[in-house]
Amino acid sequence: MKIFEFEQPEEKIGAEETQVANHFFGGEHHWYNTRNMQLRKMISKLRKLGWVPIGEGEFGVVFRNENKNYVLKVSKNPDPAYASYVKMIKDNPNEYFPKISDIRSMMVEDKEYYMYLIERLQTLNRESAYVVGSLLKWLSQGQSPNEIKNYLIKDDWRAIFDSIISNEELLRAILLIGNMAKKHKFRLDIHHENVMQREDGTIVITDPYVVA
């Protein structure tokens, strides 16, 4: 089952990858076959298909395939915050949101698990990520840009701030993220691993929320 379709996906999640993940999502877990064991089996099987794990958090594992321009994100646990972010991306196109080519989902015991095919990005320097995170945090608290700038004590931070605040589309993306955090009571989780960039230097806010 899919939660929604992107109109013209550049690339789709393969049938083998879907089968491996669905087996993990819906697997029976006995004392001898724990969730963690199932997860390791899934990672091993995806590795054989060319997908190498590059990151793992509380809610999911991200895989990279050298032959693909996308990474594969697979739920470890239901993650309503990220699912809501993806829906917002669908409804509010913006170049500072990640491009998501394809999605799969599976309902297990009233819980929904997902697979996402997301554009492959590059790391962003920590200072730029810090300024983006600060803007999100303080704007969502109702503070004005001038007030926020006063908190940035380094000249480099202020220069980054000026470039962001003058970019209407990036500022719009930040405000959308902040508004959704307040609406759904998500906690903002912005750091250098959740703010990345494309090859041309465009900032991309990849995963801004966790459930409070």
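Key figures
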quantity	calculated
The stretch 197-212 residues that are more than 16 Å from residue 132 (Cα to Cα), paired with ones that are among the basic types (Lys, Arg) and assigned to a loop (DSSP other than H, G, I, E, B) (beta carbon under 7 Å, 6 or more apart)	212/185
Qualifying residues in the stretch 170-192 (those that are among the hydrophobic types (A, V, I, L, M, F, W, C) and assigned to a strand (DSSP E or B)) - the one nearest to the chain's Cα centre (by Cα)	188
Residue match in the stretch 169-177 (condition: acidic (Asp, Glu), under 22 Å from residue 70 (Cα atoms), touching a residue at least 60 places away in the same chain (Cβ under 8 Å) and not assigned by TED's automatic domain parsing to the domain that holds residue 63)	no
Test: residue in the stretch 131-139 that is outside any strand (DSSP E or B), basic (Lys, Arg) and free of Cβ contacts under 8 Å to residues at least 12 places away in the same chain	no
Residue match in the stretch 30-38 (condition: touching a strand residue (DSSP E or B) at 6+ places or on another chain (Cβ under 8 Å) and either outside any strand (DSSP E or B) or surrounded by 13 or more Cβ atoms within 10 Å (Cβ to Cβ) (or both))	no
Matching residues in the stretch 89-104 - criterion: being among the basic types (Lys, Arg) and either surrounded by fewer than 18 Cβ atoms within 10 Å (Cβ to Cβ) or part of a loop (DSSP other than H, G, I, E, B) (or both)	90, 99
Counted residues, the stretch 11-37 - those being modelled with pLDDT under 85 and polar (S, T, N, Q)	3
Candidates 126, 187 - the one that is touching a His at 6+ places or on another chain (Cβ under 7 Å) and outside the structural domain of residue 78 (by TED's automatic domain parsing)	126
Hits in the stretch 113-146 (condition: among the β-branched types (Val, Ile, Thr) and more than 29 Å from residue 75 (Cβ to Cβ))	131
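The values are calculated or read from the model by the stated rules, or taken from the named source; none is laboratory data. The structure presented is a predicted model; accordingly, all values stated were derived computationally and were not measured. Counting neighbours? That spans all protein chains shown, and the Cβs are built from the backbone with ideal geometry, glycine included.
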